[in-house]
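Read-outs: derived from the displayed coordinates by stated rules, not from any lab. Predicted model only: the values in this text are computed from it and were never measured. All Cβ positions, glycine included, derive from the backbone under ideal geometry; neighbour counts span all protein chains shown.
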Amino acid sequence: FEAESLDEALKVVRAAHEAVFKAGVGRVITTIRIDDRRDLKRSMEEKVESLLGLI
């Protein structure tokens, strides 16, 4: 997903992680990968278009 800030993204990750515990699971492993690029400002649609141009 695309977030306006790293704090916003991590808030969503934390909520998803905690939701699994609330569902009764005893152990949760959450792995995230953050691609934080600040030299270009592009929307998710522009990123998808760029990717489609490569295939």
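Residues in the chain that are of a type in the set (Phe, Trp, Tyr) and part of a helix (DSSP H, G or I): 1 in all.
Could you list, in sequence order, the residues of the range 16-31 that are of a type in the set (A, V, I, L, M, F, W, C) and exposed (fewer than 10 other Cβ atoms within 10 Å of the Cβ)? Lay out the reasoning, then the answer.
Just the residues of the range 16-31 that are of a type in the set (A, V, I, L, M, F, W, C), to begin with: 16, 19-21, 23, 25, 28-29.
Within the range 16-31, 23, 25, 29 meet the criteria.
Scanning the range 6-35 for residues that are touching a helix residue (DSSP H, G or I) at 6+ places or on another chain (Cβ under 9 Å) and within 21 Å of residue 45 (Cβ to Cβ) yields a count of 1.
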